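The structure appears below as structure tokens.
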Amino acid sequence: MKTENLQITAKAPTACSDVEIADFVALVLAGGEVTPHGLEGRVRSAERIAFLRGNGSLLGVAGLKHPSQKHRNEIAALSGVPLRSNEFPFELGWIFILPIARGRRLSLPLCSLLIEAAVTPGVFATARTENDGMHRTLSKLGLLPAGAAYKSPQGNHQLQAFLRHAAQPRGKPKGPGSRESKEQIKGAGVDLNSHGL
Ligand SMILES: CC(C)(COP(=O)(O)OP(=O)(O)OC[C@H]1O[C@@H](n2cnc3c(N)ncnc32)[C@H](O)[C@@H]1OP(=O)(O)O)[C@@H](O)C(=O)NCCC(=O)NCCS
């Protein structure tokens, strides 16, 4: 069986090269869930972005965003959950793993590197109501469902808001892809040793 070198890194966009930003944006666009217009600017102004690589190839991305007031107000109005910027300054999003790398419990370490780096625990996220896998990962990160499900302004599907309050304990990664079993945390990076995809 071929040995694969899996690595997760997270850094401020200002510390990323133009190629890294372009790769990040390309993978987010491949996910097909976001508005392309202005995406690169939003990525560049994010708090932190994370990269999952296998043998050097980009397999997945996630970001800790600074959501605009307009976006915050829209979700608040649709879900009925007030999203005050002082309570929830960050939004966890742009989470996308290529289909060939899915089902290996990599979404948790990918996102947890961002969550752990947040200067405040207050974070929100949204996910499709039927995205059970993502709901499991969010709950392990301490993000719990809040408010009513609502129709996405971007499509004909339902979304659910998730919140992690400042007072809420942080979720601990568990399972094969977890820190306890395989990760060796080195600063803002994680090396995961595993075997072929
Ligand atoms: C969402 C996404 C990042 C999750 O990554 P993944 O590799 O598929 O999922 P993981 O292997 O990390 O599994 C995460 C959890 O979901 C569970 N899971 C995975 N697929 C599932 C499914 N189809 N149904 C129910 N649970 C599922 C896993 O068992 C795991 O939970 P556990 O550790 O408690 O057992 C990935 O599927 C993806 O990129 N999807 C398209 C974009 C997207 O939906 N992004 C999220 C926007 S909020």
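The values are calculated or read from the model by the stated rules, or taken from the named source; none is laboratory data. Just so it is clear, the structure is predicted and the values come from calculations on it, not from any experiment. Quick reminder, even Gly has a Cβ in these numbers, built from the backbone with ideal geometry, and neighbours come from all protein chains shown.
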Within region 138-158, is there a residue that is within 9 Å of the ligand (Cβ to nearest atom), of a type outside the set (Gly, Ala, Ser), closer than 24 Å to residue 46 by Cβ and modelled with pLDDT of 95 or more?
yes
Give me the helices (runs of 4 or more DSSP H) completely within region 1-90, filtered to those with at least 1 residues that are without any contact (Cβ under 8 Å) to a residue 12 or more places away in the chain and surrounded by 12 or more Cβ atoms within 10 Å (Cβ to Cβ), ordered by residue number.
18-31, 69-79
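From 22, 76, 15, which residue is closer than 19 Å to residue 153 by Cα and away from the ligand (no atom under 16 Å from the Cβ)?
Going through 22, 76, 15 in turn, just one is closer than 19 Å to residue 153 by Cα and away from the ligand (no atom under 16 Å from the Cβ): 76.
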Condition check for residue 99: within 10 Å of the ligand (Cβ to nearest atom), closer than 22 Å to residue 29 by Cα and exposed (fewer than 13 other Cβ atoms within 10 Å of the Cβ)
yes
Based on this model, can you work out whether residue 117 counts as more than 9 Å from the ligand (Cβ to nearest atom), aliphatic (A, V, I, L, M) and surrounded by 15 or more Cβ atoms within 10 Å (Cβ to Cβ)?
yes
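Among the residues of region 26-47, how many are charged (D, E, K, R) and closer than 14 Å to residue 67 by Cβ?
The first filter runs over region 26-47 and keeps only residues charged (D, E, K, R), leaving 33, 40, 42, 44, 47.
When the remaining residues are screened for being closer than 14 Å to residue 67 by Cβ, the result is 42, 47.
Residues meeting the conditions: 2.
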